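Undergrad: Submitted below is the structure of interest, expressed as structure tokens.
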Amino acid sequence: MSLLIKNCRLVSPDVDIPGASILIENKCIKKIFGKGELLPATGDVFNAEGKIAMPGFIDMHTHGAMGHDVTDANPEGLAEIMKVKLSEGVTTVLPTTLTLSEQELADSLKVVADYMDGEPASAKIAGVHLEGPYINPAYLGAQNPDYVRNPDIDEVLRLNAIAPVLKVSYAIEMEGGVEFTRDLVCNGITPSLVHSDATRAQFEQGRIFGLKNLSHYCNRMSKLHHREVGLVGAGMLDDDVTVEVISDNVHLCPDMLALIFKVKPVDKIAIITDSINASWLPDGECELGGMPVIVENGEARLKESGALAGSTAKFCENLKKAYEVSGTPLAQLVKVTSWNQAQTLKLPKLGKIEPGYYADIVILENDFAVANVFVNGVMKR
């Protein structure tokens, strides 16, 4: 089967082509046509009417939405999360866990594995992101202190045998953290620091073994100080380190987001949502990892401490805010939505609209609202 998406503004890394058309065959992009080029005859044609066509977004840090959490271990709930993420323009997801017991994590990953075995009804799952439980108790944020433990590669590999673990976010200063970094990389798993009080020197120890990622940058990590730059400073100093940003103007104020885009190569910034089960719901109360959360004006905070508890952000809205704050041309900014994520996670044939890549495409209005979404060349929205 073939499909022609015609009359779109094609925006892909280093590419911005008005009036383009995209020929899709067998789940992948077959050919790109410029404005005025002769188009092939094909049965299925979709007229994008001049709207923006971007590679489908990759959200590699999301806990849930619409009242559901990944760690609920509920197949219907996970399917609903994937459906909602698709509405944000996300075509590939890394369901993200919380700091919980191994059994609870295993139960959650079994549900993820079952979803991955079938043909996706909405967004695809590439693998799992473990946030915790190997974190610094002094940097908990909204993670449950009852389940914090030292890094354990054997536990990670047991979970990986259930569903592929693609990324682990942890604190390298915890006992065995440096060796844990080495073992993650040796097993093809992306190491990323967060909920951590690591010094720049401790971060550098991990870099020897391939550590090059910081989760929800600036949030729950050692701060920039003139006598110890911490992880925030390390992210700015090292050009090969990817920083994940929640660009919702809550987790990072507009000035901080602008600073990040000024000092970091755009190839090393990745948008995430860190969305929780309260995403897509009105203000109110919910739970995160067994802890009460209050959402007011879209901000989710722990009821007891007031600490930020993930976000209610939508990916397409985070992209819009990053564009408004940074002013980065779309042909460059598009990298922070999927290409950089695909490179970090070593996901082949994702993150670009060009021949040979999967036909995961989001059609956007000029204000970045999601109009249509294609997954493997099939319109899902």
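Undergrad: What are the residues in segment 123-166 that are closer than 28 Å to residue 359 by Cα and either open to solvent by less than 10 Å² (accessible area, probe 1.4 Å) or at pLDDT below 95 (or both), if any?
TA: 123, 127, 128, 129, 130, 163, 165
Undergrad: Which residue pairs have Cβ atoms under 7 Å apart, sit 6 or more places apart or on different chains, and have a first residue in segment 141-154 that is over 17 Å from residue 220 (Cα atoms) and without any contact (Cβ under 8 Å) to a residue 40 or more places away in the chain and a second that is charged (D, E, K, R) and in a loop (DSSP other than H, G, I, E, B)?
TA: 150/175
Undergrad: Check every one of the helices (runs of 4 or more DSSP H) wholly within segment 298-381 and list those with 3 or more residues that are at pLDDT 95 or above and closer than 17 Å to residue 254 by Cα.
TA: 315-326
Undergrad: Could you run through segment 231-265 and say how many residues are surrounded by 15 or more Cβ atoms within 10 Å (Cβ to Cβ), in a loop (DSSP other than H, G, I, E, B) and without any contact (Cβ under 8 Å) to a residue 40 or more places away in the chain?
TA: Result for segment 231-265: 4.
Undergrad: Could you tell me which of the residues 323, 358 is touching a Lys or Arg at 6+ places or on another chain (Cβ under 6 Å), open to solvent by 30 Å² or more (accessible area, probe 1.4 Å) and not hydrophobic (A, V, I, L, M, F, W, C)?
TA: On inspection, the qualifying residue turns out to be 358.
Undergrad: Name the residue, out of 89, 50, that is buried (at least 24 other Cβ atoms within 10 Å of the Cβ), on the phi > 0 side of the Ramachandran plot and not polar (S, T, N, Q).
TA: Every option except 89 fails the conditions.
Undergrad: Between 104, 37, which is free of Cβ contacts under 8 Å to residues at least 40 places away in the same chain and not in a loop (DSSP other than H, G, I, E, B)?
TA: Working: 37 fails: not in a loop (DSSP other than H, G, I, E, B).
Sole residue among the options that is free of Cβ contacts under 8 Å to residues at least 40 places away in the same chain and not in a loop (DSSP other than H, G, I, E, B): 104.
Undergrad: I would also like to ask the following. Restricting attention to segment 7-39, which residues are over 21 Å from residue 378 (Cα atoms) and exposed (fewer than 15 other Cβ atoms within 10 Å of the Cβ)?
TA: Answer for segment 7-39, where residues must be over 21 Å from residue 378 (Cα atoms) and exposed (fewer than 15 other Cβ atoms within 10 Å of the Cβ): 14, 18, 34, 35, 36, 37, 38.
Undergrad: Just need a number here: residues in segment 295-312 that are open to solvent by 10 Å² or more (accessible area, probe 1.4 Å) and more than 19 Å from residue 221 (Cα to Cα).
TA: Total satisfying the criteria: 7.
Undergrad: From the list 41, 53, which one is at pLDDT 95 or above and either among the hydrophobic types (A, V, I, L, M, F, W, C) or farther than 27 Å from residue 341 by Cβ (or both)?
TA: Answer to the check: 53.
Undergrad: Would you call residue 170 in contact with an Asp or Glu (Cβ under 7 Å, 6 or more places away or on another chain), of a type in the set (Phe, Trp, Tyr) and buried (at least 16 other Cβ atoms within 10 Å of the Cβ)?
TA: Working: in contact with an Asp or Glu (Cβ under 7 Å, 6 or more places away or on another chain): no; of a type in the set (Phe, Trp, Tyr): yes; buried (at least 16 other Cβ atoms within 10 Å of the Cβ): yes.
No; evaluated as a whole, the condition is false for this residue.
The values are calculated or read from the model by the stated rules, or taken from the named source; none is laboratory data. The structure displayed is predicted, hence computed values, not measured ones. Here Cβ is always computed from backbone atoms with ideal geometry, including for glycine, and neighbour counts include all displayed protein chains. The area values use the complete protein model at the heavy-atom level, side chains included, leaving out ligands, DNA and RNA. Shrake-Rupley method; radii C 1.70, N 1.55, O 1.52, S 1.80 Å.
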